[in-house]
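Reviewing the structure listed below.
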Amino acid sequence: MIVAMQETATEEQIQQVVEHLIEMGFSVHRSTGARQTVVAAVGARVDFDIRNLEVLSGVEHVHRISAPYKLAGRSFRPAGTIVEFANGLKIGGEQVVVIAGPCSVESREQLFATAERVAKAGARALRGGAFKPRSSPYSFQGLGLEALKLLREAGDRFGLLVVSEVMEISQIAIMLPFVDIFQVGARNMQNFNLLRELGKVKKPVLLKRGIAATFEELLLSAEYIMAGGNYNVILCERGIRTFETYTRNTLDISAIPIIHKLSHLPMASDPSHGTGIRDKVAPMARASVAAGADVLLIEVHHDPDKALSDGAQSLYPDQFSELMDQLRIIAPAVGRTIA
């Protein structure tokens, strides 16, 4: 249920509504926008009359939410969520933010060479796996804590935020001092215990869509994080599994405008995992910006032919620089700029 307060509602009136909802047995979440405050009431109770709330002082209107996702739905924050960082960067506004870097951190030389090039080209955040969930137990599994330290050092040196994937609850505390954004991979989209714990963390979470997940399932996964109090969630389309075998996955670009209609959360696109083929990454990145993506995740490696993971889908630094120039031309055509 959503309770939209009047623009002139006082703090006392808002608090009266909150207390009334708590007494009714609801879990209450408050969103204060530029124009008005919206109070979301989440709970299983259905035997109530919304008129009892509509008559409270300061209430503009009340309506039930039929969708199973209450906090992730557009009605909770109609103007859209903007995720802000200490360095002034904003995700979800007019600017498109590009996150780039290697699939996994392999060495200091590899990470710093790549970070320097992507920062120079215009990336605002550095991606890199410290813990790598691989299909084969014999594949490179990441450098762990050493990789996190290198990511933080590289991020600070080149003015980049740090994004890395968390795979299990025990890694949250280890990663907390080093990352600016926790990434939840496709395999963990429905790891609800992990999502609940990330709801307690006051750092943004980039949540990737599962390889066969519906939009509703993605939004319900986001709901787990938000229900814990962390509203700084960024959703990500990274390709789904279809009958097509030419590409690694099928990048569902339609997810971008659809999610924007259903949810207030920023939407990212990962054309690297979405295609798995280097020469397909740039076209899908351009298409994603045209479709309204707020964030792009691009895999870049200083020497992808020798990469320990996902080299075939990683761009050379020169290719990434060229792509950034192209995006600066495309973004204004849809009313956006590249951050």
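Given the criteria without any contact (Cβ under 8 Å) to a residue 40 or more places away in the chain and either under 28 Å from ARG248 (Cα atoms) or not in a helix (DSSP H, G or I) (or both), does VAL163 qualify?
On the way: without any contact (Cβ under 8 Å) to a residue 40 or more places away in the chain: no; either under 28 Å from ARG248 (Cα atoms) or not in a helix (DSSP H, G or I) (or both): yes.
Judged against the criteria, VAL163 is not a match.
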> Among (1) closer than 30 Å to PHE215 by Cβ; (2) surrounded by fewer than 15 Cβ atoms within 10 Å (Cβ to Cβ); (3) at pLDDT 90 or above, where does SER135 come up short?
Replying inline: (3)
> With (1) part of a helix (DSSP H, G or I); (2) within 17 Å of the chain's Cα centre (by Cα); (3) within 24 Å of PHE112 (Cβ to Cβ) as the list, and LEU206 as the residue in question, which single condition is left unmet?
Replying inline: (1)
> Restricting the first residue to region 16-27 and requiring it to be touching a residue at least 60 places away in the same chain (Cβ under 8 Å), which pairs with a second residue that is buried (at least 16 other Cβ atoms within 10 Å of the Cβ) and not in a helix (DSSP H, G or I) meet a Cβ separation below 7 Å and a spacing of at least six or different chains?
Replying inline: SER27/VAL42
> Which condition number in (1) surrounded by 11 or more Cβ atoms within 10 Å (Cβ to Cβ); (2) closer than 28 Å to PHE215 by Cα is the one that SER66 fails?
Replying inline: (1)
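Would you mind finding the one in ALA4, ALA9 that is over 27 Å from the mean Cα position of the chain (by Cα), within 23 Å of GLY229 (Cβ to Cβ) and small (Gly, Ala, Ser)? Please lay out each step first, then the result.
Values: ALA4 fails: over 27 Å from the mean Cα position of the chain (by Cα).
On inspection, the qualifying residue turns out to be ALA9.
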>> Looking at GLY73, GLY93 in this structure, which one is assigned by TED's automatic domain parsing to the domain that holds VAL166 and among the small types (Gly, Ala, Ser)?
In response: GLY93
> Within region 228-339, which helices (runs of 4 or more DSSP H) (wholly inside it) include 1 or more residues that are without any contact (Cβ under 8 Å) to a residue 40 or more places away in the chain and touching a Lys or Arg at 6+ places or on another chain (Cβ under 7 Å)?
Replying inline: 271-275
> Which condition breaks for VAL281 when tested against (1) within 16 Å of the chain's Cα centre (by Cα); (2) surrounded by 24 or more Cβ atoms within 10 Å (Cβ to Cβ)?
Replying inline: (1)
> Of everything in region 76-88 that's in contact (Cβ under 8 Å) with a residue 12 or more places away in the chain and surrounded by fewer than 17 Cβ atoms within 10 Å (Cβ to Cβ), which residue is nearest to the chain's Cα centre (by Cα)?
Replying inline: ILE82
>> Tell me yes or no: at least one residue of region 137-146 is in contact with a Ser or Thr (Cβ under 9 Å, 6 or more places away or on another chain), within 19 Å of LEU308 (Cα to Cα), assigned to a helix (DSSP H, G or I) and in the same structural domain as ALA307 (by TED's automatic domain parsing).
In response: no
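Just to check your reading of the model, which residue among PHE192, PHE215 is closer than 26 Å to ILE256 by Cα, surrounded by fewer than 20 Cβ atoms within 10 Å (Cβ to Cβ) and in contact with a Phe, Trp or Tyr (Cβ under 7 Å, 6 or more places away or on another chain)?
Numbers: PHE215 fails: in contact with a Phe, Trp or Tyr (Cβ under 7 Å, 6 or more places away or on another chain).
One residue alone meets the criteria, PHE192.
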> Taking region 8-28 as the search range and keeping residues that are at pLDDT below 90 and in a loop (DSSP other than H, G, I, E, B), which one is nearest to VAL42 (Cα to Cα)?
Replying inline: PHE26
>> Quick test of your reading of the structure: SER57 fulfils all but one of (1) assigned to a loop (DSSP other than H, G, I, E, B); (2) touching a residue at least 40 places away in the same chain (Cβ under 8 Å); (3) closer than 28 Å to TYR224 by Cβ. Name the failing condition by number.
In response: (3)
> In region 174-197, how many are assigned to a helix (DSSP H, G or I) and either in contact with a helix residue (DSSP H, G or I) (Cβ under 6 Å, 6 or more places away or on another chain) or within 22 Å of ALA227 (Cβ to Cβ) (or both)?
Replying inline: 10
> Which number in (1) under 25 Å from GLY229 (Cβ atoms); (2) free of Cβ contacts under 8 Å to residues at least 40 places away in the same chain; (3) part of a helix (DSSP H, G or I) marks the one condition that LYS200 misses?
Replying inline: (3)
> Taking GLN171, is it free of Cβ contacts under 8 Å to residues at least 60 places away in the same chain, part of a strand (DSSP E or B) and not aliphatic (A, V, I, L, M)?
Replying inline: no
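The values are calculated or read from the model by the stated rules, or taken from the named source; none is laboratory data. A quick note: this is a predicted structure, and the numbers were derived from the prediction, not measured. Reconstructed Cβ throughout: ideal geometry from the backbone, glycine too, with neighbour counts over all protein chains shown.
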